[in-house]
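The numbers here are math on the coordinates, done by the rules we state, and not lab data. A quick note: this is a predicted structure, and the numbers were derived from the prediction, not measured. A quick note on method: Cβ atoms are made from the backbone with ideal geometry, for glycine too, and the neighbour counts reach across all protein chains shown.
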Amino acid sequence: MSDEKSQVYDEVRRRYSRAATQCCAAPAESCCSTSEAPDLVGPSLGCGDPISRAGLQAGQDILDLGCGAGGDVIRAALIVGPEGLVYGLDMTDEMLKLAQVNKQKAGARNVVFVKGTMESIPLPDESVDVVISNCVINLSPDKDSALREIHRVLRPGGRLAVHDTVSSAPVPGQVQADSSLWSACISGSMEVTEYEERLRNAGLEAASVDVEQWYGAEISGAPGLKIGAAFVSARKPFPGAAGGARPAEGARGDLQVTGAGPARIRAAGAGDLPQVLGLLTSAGLPRDGVEEQFNHFLVTEGPDGAVSGAVGLEVYGSQGLLRSLCVKPEERGKGTGARLVEAVTAEAMAAGCSELYLLTTTADKYFERHGFARMERASVDGPVLQSIEFVSACPKTAVVMLKSLTRCCCSTD
Ligand SMILES: C[S@@+](CC[C@H](N)C(=O)[O-])C[C@H]1O[C@@H](n2cnc3c(N)ncnc32)[C@H](O)[C@@H]1O
């Protein structure tokens, strides 16, 4: 990464870490509770309201880029409901801490916060239906990477629906070089035509940038330059569909869902417990402790609406334990297990785990393909040893495997 780009990242990270920390040192009636969502903590730093224009629908999977304290994530989670899942991505620990508090306060079970950057999104390909964001893409010093990543994680037919700042003219060099104006959402603003062109270059279609308001010229740092707030939308085309025409059958909202496609992942609800226990029994996996740990389980649904796969996570401080990965025999071979492993890994990272363990008697080769490495049981140390799997549920001959979850969110170069 060039020096200028890493300077921008550093300044952006500093500014928003500080915004998160200062906000919650301030009295509750200031930025710590917004009138819109009085029960949530943390600053609201957007430049619009993408949710009001994103047309989110029940059951969709959503990603909020640069989610900050998570207000938009919580609102999106209410709309998509228990059948959907909302990921909130942010690169600062301080914002993510506030976001986790808000998740608890809202009792939102269909929300996963993930640490990472929008230039290297830690989610699998084609994993979400809509990408939302509020005043964040302008902050990227590498917008083409961010837009390519958005295209990668969207499912075919999925949409980008964000608010962002735009500029009335090309931003002059001296404003671009001012990292504090950059982190204030000014220097990185694109002109409308440039924005639309970059969206198209990233493979998105139906790109549109609708300026909702222009701010006073005094904030821009250059005479004659205006900064505005715009709603930006675009769509990922269906493969082979000329002009983005959508197949007619099986549409879920604005999206195509077919029985043969990958099963959607959602947080497990209490009502799923009997089906998950049934799956575990059929797969010969231990059921001990599942009920107690069910708040960290994820499930997939088959075309008939029944639970078709599950995976669980137990959290012991910075150590996580992946457990109970199972997929119905008729759903195997469609990538469902791999997606559950990816999702539970993201959940573990969001829960602050730096190590993810598992015990297996049969699937060590499978988990090696997902980044886990075998390790000696005698080398395991820490609270994970108190888990029911280590203590009694798994045979002592089970293979112990470990995946390290530490990733530097800015080591994209
Ligand atoms: C202007 S604030 C907006 C926060 C939130 N969307 C809201 O409306 O309150 C920008 C947020 O994006 C995050 N951010 C900035 N650059 C990022 C990047 N490259 N990748 C991920 N998050 C980023 C910051 O940490 C901060 O929380």
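Gaussian network model of the chain, Cα springs within a sub-10 Å range: biggest mean-square fluctuation belongs to which of 49, 178, 93? It is 178. Expressed in units of 2.2 N^0.38 Å, where N is the residue count, the Cα radius of gyration of the stretch 265-404 is 0.97. Modelled label positions at residue 200 and residue 7, each set 7 Å beyond Cα in the direction of Cβ, lie 3.4 nm from each other.
Under a Gaussian network description of the chain, with springs only between Cα atoms under 10 Å, the residue in 393, 343, 363 that fluctuates furthest is 363. Over the chain, the alpha carbon radius of gyration divided by the compact-protein estimate 2.2 N^0.38 Å works out to 1.02.
Summing +1 for each Lys or Arg and -1 for each Asp or Glu among the other residues whose beta-carbon sits under 15 angstrom from that of residue 166 gives -4. Helix-only mean residue ellipticity at 222 nm, the chain, DSSP H runs n ≥ 4 weighted -39,500 (n - 2.57), per residue, nearest 500. What is it? Calculated mean residue ellipticity at 222 nm is -8000 deg cm²/dmol. The distance linking the stretch 314-348 with the stretch 131-205 is 33 Å (Cα centroid to Cα centroid, whole angstrom). Would you compute the Debye intensity of the stretch 3-243 from its alpha-carbon atoms alone, equal scatterers and no solvent, and pass along log10 I(q)/I(0) at q = 0.07, 0.08, 0.09, 0.11 Å⁻¹ to two decimals? These q points yield log10 I(q)/I(0) values of -0.21, -0.28, -0.35, -0.53. Taking other residues whose beta carbon is less than 9 angstrom from the beta carbon of residue 16, and scoring Lys, Arg as +1 and Asp, Glu as -1, yields +2.
Principal axis analysis of the Cα atoms in the stretch 80-156 yields extents of 36, 30, 19 Å, listed in decreasing size.
Here the extension length gained between residue 377 and residue 270 equals 35.2 nm, from 0.36 nm per residue of separation less the Cα-Cα distance.
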